[in-house]
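None of the figures in this text is laboratory data; all of them are computed from the coordinates on show. Since we're looking at a predicted model, the values are computed, not measured. Cβ atoms come from the backbone with ideal geometry, glycine included; neighbour counts cover every protein chain shown.
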């Protein structure tokens, strides 16, 4: 349950429209101006015969630093050639300053897409 999403809610495009044929990592997002729970919504299209997506959040103290997995920040790997919508809730107060989304595509190449969006609350006074 998210307790702090009020009038200062912001959409974070964590991994917008990533082509499923490429495994990769999204751009760094600075969480300095956010607090409390962040709701992450994963939308993945069916990628093609045998193709699956493994999506997870990673974190680092610096934008260009070494990223490690966020505790509780992994989505369930999608079933082959199946669209998926999943939700995940993580408290930004428990994470490092920067996050990225990591998408691993397995089983071949396809024409699907993966989008990961976060709903976050701006800190009071920010």
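If R0 equals 35 Å, the separation of the Cβ atoms of residue 76 and residue 97 corresponds to a calculated FRET efficiency of about 0.85. When the P(r) is computed for segment 12-121, the part past 24 Å accounts for 21% of the Cα-Cα pairs.
For the residues 99, 29, what sequence is obtained by ranking on other C-beta atoms within 10 Å, fewest first? List each step's numbers first, then the result.
Numbers: 99 25, 29 20.
By the 10 Å Cβ count, ascending: 29, 99.
Residues 124, 98, ranked from the fewest to the most other C-beta atoms within 10 Å, line up as 124, 98.
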